[in-house]
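Written below as C-alpha cells is the structure these notes are about.
All of the numbers you see were taken from the coordinates with simple rules; none came from a lab. Given the structure is predicted, the values throughout are model-derived calculations rather than measurements. Note that we place each Cβ from the backbone using ideal geometry, even for glycine, and neighbour counts take in every protein chain shown.
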Amino acid sequence: MAGKFDLKKSKNDKYFFNLQAGNGQIILTSEMYESRASALNGIESVKKNAGDDARYGRLTGKDGSPYFTLKAGNGQVIGQSQMYSGEKARDGGIESCKTNGPGAVTDDQTA
C-alpha cells in the first residue's frame, strides 16, 4: 500500500496533516495551519520537497533521540518526524519520507 496524507482538524479549529507510510506508521507531522487551504499547500510542499535530501534537517532532541525536519525551498519547516531510537532508524524514516511523500494521496478528514 502506498503512503498517504491524513488531513485533519484539531480541537482548536486548526488544520494539520500526517504523512503515513504504507504500513500506517506516521512519518511526518505538519505544523498547525489556520486554514484548510494552507494545510493543502503544505501537503503540496511536502510532495515537491520530499525527494530532495538537502531539504532534511537531521537533528537530535534534548533527550538525545534523533529526529528530522523537512524544509521548503524558503527554509520554513513543513513537518517534523517522531523521535527515533537511533540515527539508522531516523535515516530510514527520511528514506520512507522520500519514497512515500511525492506520490501520496490525500485523505481529507476535515469534512
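Here is how the numbers come out for the structure above:
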| read-out | value |
| --- | --- |
| The chain, relative contact order [Cα under 8 Å, separation at least 6], % | 32 |
| In degrees, nearest ten, helix 87-100 long axis to first principal axis of the chain (Cα) | 40 |
| GNM result for the chain, Cα springs below 10 Å: residue of 49, 12, 100 fluctuating most strongly | 12 |
| Angle between the chain longest axis and helix 36-49 axis [Cα atoms, degrees, rounded to 10] | 40 |
| Most positive-pole-ward Cα, 29, 56, 16, against dipole of region 4-102 from beta carbon charges | 16 |
| Ranked list, fewest to most other Cβ atoms within 10 Å of each Cβ, for 70, 7 | 7, 70 |
